[in-house]
Amino acid sequence: MGNLDYTPFYLKGNGPNIININMINEFLKNNGELKLFFENNDIELKVLNISYFESLCYWVIGQQISGKVAEIFIERLQNEVKIINSKNVSELTIDQFKEIGLTNSKRETLLRLANLDLENRLILDHSKYDSEHILKHYTKIKGIGPWTVNMFMIFSLGRLDVSAALDLVVRKGLKILYNLSEVPDIKNAKMLMRTWGEFGTIGTLLCWRMMGE
């Protein structure tokens, strides 16, 4: 993620903004020093209107690359399968994956997701579980790490308690918010986020906003 001159897939949600002033005020009760940043920046989150399987595929593709590069691979995948679902992805050949340009590890992860979904063992009833349980469920899958699940929980589930310390752009945003001399590492980022609590997603969105999201 970074400065954008296009609209990436994760900002293409077309539903209502689920962030409201009451949530921001609750966040500010323990983070009042950040109030000025909210006065100068609009914070919004619109949940993606795509299947959970498709969303997980997108975030796997987006691992460790820029949003703009991820868009290229996502478009190629869509061109190959037309509809991104577990059946279509599971039927892709190695040659087709090579045409898309994905690494072997991402190819294997997408196939793993597709097979689990076909067996009805991938997607939880998310309404029954807290974010920690959801994180543990998906990170048991080889190729799925906490960053991937955090993005999924924010943009597909609309979870409000995700403090995305693993995201480099978020940590760059923390440097601005807290007037730090350098970008914090993950450990120090988590310490800075400890007061964000159940509204960690709001702080995460603010960090992205600081970096031009």
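Brief remarks follow.
- Each 10 Å bin from zero up to the one holding the largest Cα-Cα distance in the stretch 23-93 carries the following percent of pairs: 16, 33, 20, 20, 11, 1.
- The ratio of the alpha-carbon radius of gyration of the stretch 1-121 to the globular-protein estimate 2.2 N^0.38 Å is 1.32.
- Here's the list of lysines a cross-link from Lys187 could span, going by alpha-carbon distance under 18 Å and ignoring same-chain residues fewer than 8 apart: Lys172, Lys175.
- Structural descriptor for the chain: relative contact order 27 percent, calculated from alpha carbon pairs under 8 angstrom and at least 6 residues apart.
- Rule-of-thumb Rg ratio for the stretch 52-155 [Cα; 2.2 N^0.38 Å; N residues]: 1.02
- Set of lysines with alpha-carbon distance to Lys46 below 18 Å, sequence-local pairs under 8 removed: Lys12
- In the chain, the calculated helix contribution to ellipticity at 222 nm averages -15500 deg cm²/dmol per residue, counting -39,500 (n - 2.57) for every DSSP H run with n ≥ 4.
- Between the stretch 68-104 and the stretch 119-174, the alpha-carbon center distance in angstrom: 22 Å
- Taking 10 °C and 1.306 mPa s as conditions, the stretch 98-155 diffuses translationally at an estimated 129 µm²/s according to Stokes-Einstein applied to its Kirkwood radius (Cα pairs).
- Reported label for calculated P(r) over Cα pairs in 10 Å bins from 0, in percent given [x] 8, 34, 35, 18, 5, 0; [y] 7, 21, 17, 12, 12, 11, 9, 5, 3, 2, 1, 1, 0; [z] 7, 29, 32, 23, 7, 1: [x]
- Estimated FRET transfer efficiency when R0 is 25 angstrom, pair Asn17-Ile72 (beta carbons, to 0.05): 0.35
- Taking all Cα pairs closer than 8 Å and separated by 6 or more residues, the relative contact order of the stretch 52-155 comes to 33 percent.
- Packing, as the average of other Cβ atoms within 10 Å across residues, places the peptides 44-52, 123-131 in the order 44-52, 123-131, highest first.
- Within the listed set Gly15, Gly145, Gly158, the Gaussian network model of the chain (springs between alpha-carbon atoms below 10 Å) gives the highest mean-square fluctuation for Gly15.
Computed from the coordinates by the stated procedures, all read-outs in this text should not be read as laboratory data. The structure displayed is predicted, hence computed values, not measured ones. A quick note on method: Cβ atoms are made from the backbone with ideal geometry, for glycine too, and the neighbour counts reach across all protein chains shown.
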